[in-house]
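Data block below; observations after.
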Amino acid sequence: MLSWMLYVIVVTLLLSVAARAAEYAARMRRGRTRWIWALTIVASLAIPTIISSVSVQVPSLVTPTVSRKITALREMTAVQIAPLVWVRERTGNPATTPRLHQMLQRSWMVVSGALLAALVLNGSYVFWRKRRWRIGSVAGASVLIAPDVGPAVFGLVRPRIVVPLWLTNSSPSHQAMVIAHEQAHLAAGDPKLLTVALFLLVLMPWNLPLWWQLHRLRNAIEVDCDARVLEEGVDTRQYGEMLLEVSQRPSAYIGTVAAMSESKSLLEERIAIMVRDPAKWGSVGTVIFGTLALALVAVAAQVTPPNAGLSVPDRPILLTPAALDEYTGFYARGAHVVYSITRDGARLLLQTPDDDPIEIMADSEMNFFAPKWAGLGPVATFVRDRQGQITAMIQHYGTAFSVPLPRIDASTAQQITDNNKARFQSQSPAPGSEAALRRLFDGIRTGRPNYDEMAPWYAELVRETTDFNKTYARWGAVKSVEFRHVDFYGGDIYEVRQERGLSTWNIFLDSNGLIEDADNSHY
């Protein structure tokens, strides 16, 4: 989830720069720009979603009669800026990947819900204030007159013009220009456009470049509106004076509407655009900036999503209940965490620590994926011995690393559970665990772990995840190592404080004092 969000932000940034270049090109020819930002907002949501999730049928150019191959668009990208390389979806603890995914997903839903509620409440507030406004006529147009609101256009279904009371005492020429400006908003459908853009933002509120795009859209709406009014023959100087008069009488806040009263920087930009002469090299500049915009859009569409190479099979293999029963049972990570696989009718369920059971489906006899985590690739590969018996399960964490889980019987699983319960109730660190953690940490930080002090499978895991722990080398010397508690799995939890960072470690020792397992998360 985190990698995908970063991927979306990168694509949005590229599209934002492309839109800015296209805006320069359009203004050199005195063209309209609101449509550029409207399309950019839509593209910022659509391109990452389509590229990372849509598959197409690719015809064979050599043998057209052959059935077309279904290919995921993400597999056709060429710009290898895969966010999965920048950030591994883990905090150091392999079991945290699903939990991090759920946390981000729930936070996303909460923020989107809160933003949607704010928009609805804002609309309700404006309509509540509308009851105190009176209907009047300004420059021959029917408007709503408010004590301190406007000039602006509000409303989605039946938008109306609202003007402040002071405008009724302004000069007739200024009144006419204000009404012409607001009527231009109505004719162009600007209230509807701005409302749609706001509700699109609700879909990805964490995408900060999208907020900037909305800001640029609001600017473009006002600039385009100015151009339409001036094209009707309004004097540029008088129109600029009217804008200055409106800016000196700021409107009370009534939410996100098409309003003339904007920031000082936008007012300066609008006036500068109005009085600017056409560029001498306008045609050349238009071509340069237009080409740059198209190139950046092409690059954005070619950025590799984090789920590239992790396609979910189009047709999972359907196994009989008897075949599924071969995989059911218990699997252990080290001698402290028990995974269980059960069958529910024709469904195979994987129970992972600290998570609800998830369904896994076969894409081959040995490889299984989880529809719930589509895009993460296979989550489990089973191992058979020469007699055809399932002896182990290898759990995959995307393309990052894998963990072997030997199969155990029910009594061993119960014994592990009982031992963990006893360790948890004792809340006492295992003898030697702090010293072992200090040696492990120093070895990881310096790039020279002592693999002889580790269980074989964990030593291999440390070798496989070396790149993940380079953060600790950058954080400097260790200042303190403090025991916190024993967790539900019987692991000793320590807090390691360095000169420039803080991390939490969970360490397990076997009966011989070897490091059987250790997880870490940093902040």
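What follows is calculated from the coordinates using simple rules that are stated; it is not laboratory data. Note that this is a predicted model, so its numbers are computed, not measured. Heads up, the Cβs are rebuilt from the backbone with ideal geometry, glycines too, and the neighbour counts pull from every protein chain shown.
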In nanometres, what is the gap between the two model label sites at Leu244 and Val275, each 7 Å from Cα along Cα-to-Cβ?
0.8 nm
Highest mean packing first, using Cβ neighbours within 10 angstrom, the peptides 212-220, 127-135, 331-339 sort as 331-339, 212-220, 127-135
So how do 482-488, 191-197 stack up, highest first, on mean other-Cβ count within 10 Å?
191-197, 482-488
If one computes the Cα centroid of segment 336-357 and of segment 155-178, what distance in Å separates the two points?
65 Å
